[in-house]
Amino acid sequence: MAYVEHEHGVSHPISVYRSTSDLTLVVPRDLLIETLPKLKEEHHFIYLVDIVGTDRFVEGDRFEVLYNLIDLKQGRRLVVKTFADEDIPVLPSASAIWTNASWHEREIFDMYGVHFTEHPDLRRVYLPEDFEYYPLRKEFPLLGIPGSIDLPTSTPDQEASS
């Protein structure tokens, strides 16, 4: 476990481990917004491939968020992992660091309900704004919630045969 010097001389743990050839950093959410710019500017991880959300369905740090980064000059890959709390699922937005983070964060918000502070346009991507549920959460029923959204009355096959 590595320790990063934080303001006021307090050290915070950042776990580091390797899986195959990729390196993974587990960063506490309160250090995320200061760690990501350093990775881009000082360590040359200039390309954000994607951001992935996962519902671990555990108490506390329920939502896992992974940032997949690439250093294009040296061909290095890095995964930055952090967690959002179940009760208040909030993380800082990376959209000011990598502009393409905006879309990925909107998808995670839409599907899991994780909010990203300082996001320039945090709204749903696929579902209506008034939809009350987050369909990739583990407690969401596999067949959906009857009546929660208006569905088309015909299928594309029925429309094509008319």
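Below, the figures for the structure above:
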item: Any hit, region 84-92, residues being within 23 Å of residue 128 (Cβ to Cβ), in contact with a strand residue (DSSP E or B) (Cβ under 6 Å, 6 or more places away or on another chain) and in a helix (DSSP H, G or I); result: no
item: Residues of region 95-122 satisfying the condition of being touching a Phe, Trp or Tyr at 6+ places or on another chain (Cβ under 7 Å) and closer than 24 Å to residue 43 by Cβ; result: 105, 116
item: The lone exception for residue 148 - which of (1) of a type outside the set (Asp, Glu); (2) more than 26 Å from residue 15 (Cβ to Cβ); (3) modelled with pLDDT of 95 or more; (4) part of a loop (DSSP other than H, G, I, E, B) it fails; result: (3)
item: Residue match in region 100-108 (condition: at pLDDT 95 or above, in a loop (DSSP other than H, G, I, E, B) and not aromatic (Phe, Trp, Tyr)); result: yes
item: Residue ID - modelled with the lowest pLDDT, chosen from residues in region 46-80 that are in contact with a strand residue (DSSP E or B) (Cβ under 9 Å, 6 or more places away or on another chain) and part of a loop (DSSP other than H, G, I, E, B); result: 60
item: Top-ranked residue of region 114-133 - restricted to ones that are among the charged types (D, E, K, R) and either in a strand (DSSP E or B) or free of Cβ contacts under 8 Å to residues at least 24 places away in the same chain (or both), ranked as surrounded by the most Cβ atoms within 10 Å (Cβ to Cβ); result: 124
item: Hits in region 80-113 (condition: of a type in the set (S, T, N, Q), out of contact with any Ser or Thr (no Cβ under 7 Å at 6 or more places or on another chain) and surrounded by fewer than 21 Cβ atoms within 10 Å (Cβ to Cβ)); result: 99, 100
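Quick grid of which residues meet (1) surrounded by fewer than 18 Cβ atoms within 10 Å (Cβ to Cβ); (2) in contact (Cβ under 8 Å) with a residue 24 or more places away in the chain; (3) farther than 23 Å from residue 117 by Cα:
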residue	(1), (2), (3)
17	yes, no, yes
21	yes, yes, yes
30	yes, no, no
41	yes, no, no
45	no, yes, no
53	no, yes, no
61	yes, yes, no
66	yes, no, no
72	yes, yes, yes
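The values are calculated or read from the model by the stated rules, or taken from the named source; none is laboratory data. Treat the numbers as computed from the prediction; the structure is a model and nothing was measured. Please note: Cβ atoms are built from the backbone with ideal geometry, for glycine as well, and neighbour counts cover all protein chains shown.
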